[in-house]
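In what follows, a single structure is set out as structure tokens and then discussed.
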Amino acid sequence: MNRRLPGTFNQCQRHLFASSHPVSPAFSTRFLSTSRVNHERQECQVLVVGGGTGGCAMAAKLSSRLGSNKVIVLEPEDKHYYQPMFTLIGGGMKRLDQSYKQMADVLPKKAKWVKEKAVEFDPDNNTVSTSGGKTIKYDFLVIATGLQLKYEKIPGLVEALETPESNVCSIYSPKYVDHVYDCLRRTYKGNVIFTFPHCPIKCAGAPQKIAYISDHYFRKMGRRDDVNVIYNTSLPVIFGVKHYADALMKLVEKRNIKLNVNRNLVEVRSSENIAVFEDLVKPGQLYEEKYSMLHVTPPMTAPDVVANCKQLVTPTGFVDVDQMTLQHNKYTNVFSIGDSACTPNSKTAAAAAAQSPVVFKNLIAVIEGKAPTDIYDGYSSCPIVTGYNSCILAEFDYTLTPVETFPIDQAKERYSMFFMKKELMPVLYWKLMMKGYWNGPALMRKMFSILNFNKK
Ligand code: UQ1
């Protein structure tokens, strides 16, 4: 998973560029550097676009191997958020200020940080242009821009989120996550509705995690009898991996959570407290549901700047890489990691962790003139927090087969997994992954299997 909320295409800059230089960009950058547009040209061996989870891990690994000033990271944000904490913030278990560090402190010292947005990729000329008018020339490119949240795609939603009294909230954005716990605290009765949109999203477990946490919150407060907890998902099932879906179905039944599948949020009418859903099995069939609290998972898309470069992406707008080597299918000097890649894994920080050694080894191989041979198996993991002291740890690969690390039944709700998620993972993230030392739990899994623990 990647924390970037990439900016929109910078039309303004492009317009300036076009009008002041009716000559080829290559000519203009080389010879007209005194023009009123800043046309600084920079060069690097590896350009990493995006300083989120995947980008930062890659920059750490690559700059440590290649040495100082060989790697540029292009990232406009000041803060780097540890987004897996957002569900816990929603439940009041952590604070927003515990979820981030300053970007300058997270990015590796040996890499050069250009604090600007990418505004255009030109893979045929090995350049990326930036919001500050720079052109960065690279030998190798790692695209780690994440995906973008599209709250504005649902009519009425942004207005509702920005009107605190409307009791509409969302853990997905640092802008809105703090409000989730406020909403919980002031909800005493009525329908509390959680949504899952009709598109691929990052951390696909999060929309239901916050539903389970909320259910537990209302029970602790003695309000559960007056509150209906409703989980409306656009998916046809509760979870894509059957092994965990079976456990989660039992959980929703036991906790009396109403599950509606194939149901997609299409409008929020916050002045009436009404959410409008479409039945995806009967297109056009709309349901109006009154809510006292609404938690929305927004639609998400590939960042515009990536999707706009048609040579780089699949028709979905995500970077067209080989799902095993993570190398671009057309440009052999381009790789992608994390949420911006078109690979069909579940988009999480754990997936980026497992991808990072593969991108690293394959990129180094290509630099050395060899073929990329390391393979990503689609590993992803989702600690499904089910309340204030329990968690199911789902781990699986491209084939949706469980690939579990620990010698225990991970489909069972456990305090140990909750403790790992809440207390250990942030430390592992900041101290190991951001320094380039965490490659996912594959090694740990092998150790447990060598010790030959039998799973019960
Ligand atoms: C993981 O590797 C990871 O990325 C850093 C997470 O995100 C924070 C996780 O939540 C999990 C569970 C993993 C997998 C790690 C183990 C020890 C199973």
Exercise for review: For segment 410-427, enumerate the residues that are part of a loop (DSSP other than H, G, I, E, B) and surrounded by 14 or more Cβ atoms within 10 Å (Cβ to Cβ).
Suggested key: Gln410, Ala411, Glu413
Practice item. Select, from Leu259, Leu235, the only residue that is without any contact (Cβ under 8 Å) to a residue 60 or more places away in the chain and closer than 16 Å to His295 by Cβ. Key: Leu259
**Study point:** Unmet criterion (only one of (1) small (Gly, Ala, Ser); (2) surrounded by 22 or more Cβ atoms within 10 Å (Cβ to Cβ); (3) within 30 Å of Ala206 (Cα to Cα)) for Gly92
**Key:** (2)
Study note, to complete from the structure: Pairs returned, first residue in segment 282-302 that is under 16 Å from Glu162 (Cα atoms) and aliphatic (A, V, I, L, M), second residue that is modelled with pLDDT of 95 or more and surrounded by fewer than 23 Cβ atoms within 10 Å (Cβ to Cβ), beta-carbon separation under 7 angstrom, 6 or more apart or interchain, are Met293/Asn167; Met293/Cys183; Met293/Thr187; Leu294/Asn167
Revision key, fill the gap. For Thr195, the lone unmet condition from (1) farther than 30 Å from Cys56 by Cα; (2) hydroxyl-bearing (Ser, Thr, Tyr); (3) in contact with a Gly (Cβ under 8 Å, 6 or more places away or on another chain) is (3)
Review point. Based on what the data block shows, is Met433 among the aliphatic types (A, V, I, L, M), at pLDDT 95 or above, out of contact with any Pro (no Cβ under 8 Å at 6 or more places or on another chain) and over 26 Å from Ala245 (Cα atoms)?
Key: yes
Revision key, fill the gap. Gly378 meets each of (1) surrounded by 24 or more Cβ atoms within 10 Å (Cβ to Cβ); (2) closer than 26 Å to Ser416 by Cα with one exception, condition (1)
**Study point:** Residue list for segment 318-352, restricted to those being over 28 Å from Lys421 (Cα atoms) and β-branched (Val, Ile, Thr)
**Key:** Val319, Val321, Thr325, Thr332, Val334
Study note, to complete from the structure: Of the residues in segment 219-237, those that are within 21 Å of Gly90 (Cβ to Cβ) and surrounded by fewer than 20 Cβ atoms within 10 Å (Cβ to Cβ) number 9
Point to revise | Residue in segment 228-246 that is out of contact with any helix residue (DSSP H, G or I) (no Cβ under 9 Å at 6 or more places or on another chain), farther than 16 Å from Ala206 by Cβ and assigned to a strand (DSSP E or B) present | key: yes
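Okay, residues lined up against (1) without any contact (Cβ under 8 Å) to a residue 24 or more places away in the chain; (2) of a type in the set (Lys, Arg); (3) within 16 Å of the ligand (Cβ to nearest atom); (4) within 13 Å of Leu141 (Cα to Cα):
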{"residue": "Gln327", "(1), (2), (3), (4)": "no, no, no, yes"}
{"residue": "Asn333", "(1), (2), (3), (4)": "no, no, no, yes"}
{"residue": "Ile337", "(1), (2), (3), (4)": "no, no, yes, yes"}
{"residue": "Ala353", "(1), (2), (3), (4)": "no, no, yes, no"}
{"residue": "Asn362", "(1), (2), (3), (4)": "no, no, no, yes"}
Review point. Applying the selection to segment 100-140, what residues are assigned to a loop (DSSP other than H, G, I, E, B) and either outside the structural domain of Cys44 (by TED's automatic domain parsing) or in contact with a Gly (Cβ under 8 Å, 6 or more places away or on another chain) (or both)?
Key: Leu107, Pro108, Lys110, Glu116, Lys117, Ser131
Exercise for review: Consider only pairs whose beta carbons are under 6 Å apart and that are at least six residues apart or on different chains; among these, list those whose first residue lies in segment 428-446 and is surrounded by fewer than 18 Cβ atoms within 10 Å (Cβ to Cβ) and whose second residue is of a type in the set (S, T, N, Q).
Suggested key: Met444/Thr405; Arg445/Thr405
Review point. Asn362 is checked against (1) touching a strand residue (DSSP E or B) at 6+ places or on another chain (Cβ under 8 Å); (2) outside any helix (DSSP H, G or I) and fails just one. What number does that condition carry?
Key: (2)
Review point. For segment 392-406, what are the residues that are within 12 Å of the ligand (Cβ to nearest atom) and not in a strand (DSSP E or B)?
Key: Val403, Glu404, Thr405, Phe406
Review point. Checking Ile375 against (1) at negative phi; (2) more than 10 Å from the ligand (Cβ to nearest atom); (3) touching a Pro at 6+ places or on another chain (Cβ under 9 Å), which single condition isn't satisfied?
Key: (3)
Review point. Taking the condition crowded, with 18+ Cβ neighbours inside 10 Å, in contact with a Lys or Arg (Cβ under 9 Å, 6 or more places away or on another chain) and either in a helix (DSSP H, G or I) or at pLDDT 95 or above (or both), does Tyr188 pass?
Key: no
Practice item. Starting from segment 68-92, take each residue that is more than 24 Å from Ser170 (Cα to Cα) and assigned by TED's automatic domain parsing to the domain that holds Phe140 and list its partners that are aromatic (Phe, Trp, Tyr) and more than 16 Å from the ligand (Cβ to nearest atom), counting only C-beta distances under 9 angstrom and pairs at least six apart or across chains. Key: Ile72/Trp113; Ile72/Tyr138; Val73/Trp113; Leu74/Trp113; Glu75/Trp113
Check your understanding: Within segment 131-151, how many residues turn out to be farther than 18 Å from Pro298 by Cα and either more than 16 Å from the chain's Cα centre (by Cα) or surrounded by fewer than 24 Cβ atoms within 10 Å (Cβ to Cβ) (or both)?
Key -> 12
Check your understanding: With Ala211, Ala247, Ala204 as the choices, which residue is touching a strand residue (DSSP E or B) at 6+ places or on another chain (Cβ under 8 Å) and more than 30 Å from Ser340 (Cβ to Cβ)?
Key -> Ala247
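The values are calculated or read from the model by the stated rules, or taken from the named source; none is laboratory data. All values reported here derive from a predicted model rather than from experimental measurement. Methodologically, a virtual Cβ is constructed for each residue, glycine included, from the backbone with ideal geometry; neighbour enumeration extends over all protein chains shown.
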